[in-house]
Amino acid sequence: QVQLVESGGGLVQAGGSLRLSCAASGSIFRLNAMAWYRQAPGKQRELVANITSGGTTKYGDSVKGRFTISRDNAKNMVYLQMNSLKPEDTAVYYCKMIITTVVGFWGQGTQVIVSS
């Protein structure tokens, strides 16, 4: 069983930065793509960024140029560096391990609040 634990969320002023971390258990971390999603109140969960096992990254249009996803396979960690934060970035951020297009493991989420 894979467990994912996010940390690093909090309250930040617009224009500020936060770094989210996701710790994964198990030995399959390095074999799978990882992703960050977010869900704002009243909205659907959306993809923020993903990173393949080989390190190829992809970003949602709303965060391109501001957020950076990275991973450390030796530590079973994935990170999301968030810069130039905006109030519309306020959401619960979730880490996901992508096993297949329909199978994955989710963390419990970490709240990010960006004040204007």
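Summary of values
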{"read-out": "Residues of type lysines that LYS75 reaches as a straight line, Cα spacing below 28 Å, ignoring anything fewer than 8 places off in the same chain", "value": "LYS58, LYS64, LYS96"}
{"read-out": "Only Lys, Arg (+1) and Asp, Glu (-1) charged, at Cβ; the chain dipole about Cα centre in debye", "value": "140"}
{"read-out": "Candidate residues GLU88, GLU46, GLU6: accessible-area rank, largest first, probe 1.4 Å", "value": "GLU88, GLU46, GLU6"}
{"read-out": "Dipole axis of the chain (+1 Lys, Arg; -1 Asp, Glu on Cβ), positive-most option in ASN73, ILE113, VAL92", "value": "ASN73"}
{"read-out": "Surface share of carbon and sulfur [accessible, 1.4 angstrom probe, percent] for the chain", "value": "50"}
{"read-out": "Per residue accessible area of the chain, 1.4 Å probe, in Å²", "value": "53"}
{"read-out": "Solvent exposure ordering (accessible area, 1.4 Å, most first) of ASP89, ASP61, ASP72", "value": "ASP61, ASP72, ASP89"}
{"read-out": "Calculated FRET efficiency for the pair GLN111/THR56, C-beta based, R₀ 35 Å, to 0.05", "value": "0.75"}
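The values are calculated or read from the model by the stated rules, or taken from the named source; none is laboratory data. The model shown is predicted, which means the values in this text are computed figures rather than measured ones. Please note: Cβ atoms are built from the backbone with ideal geometry, for glycine as well, and neighbour counts cover all protein chains shown. The protein model used for the area step is the full one, side chains on, heavy atoms only, and it has no ligands, DNA or RNA in it. Shrake-Rupley method; radii C 1.70, N 1.55, O 1.52, S 1.80 Å.
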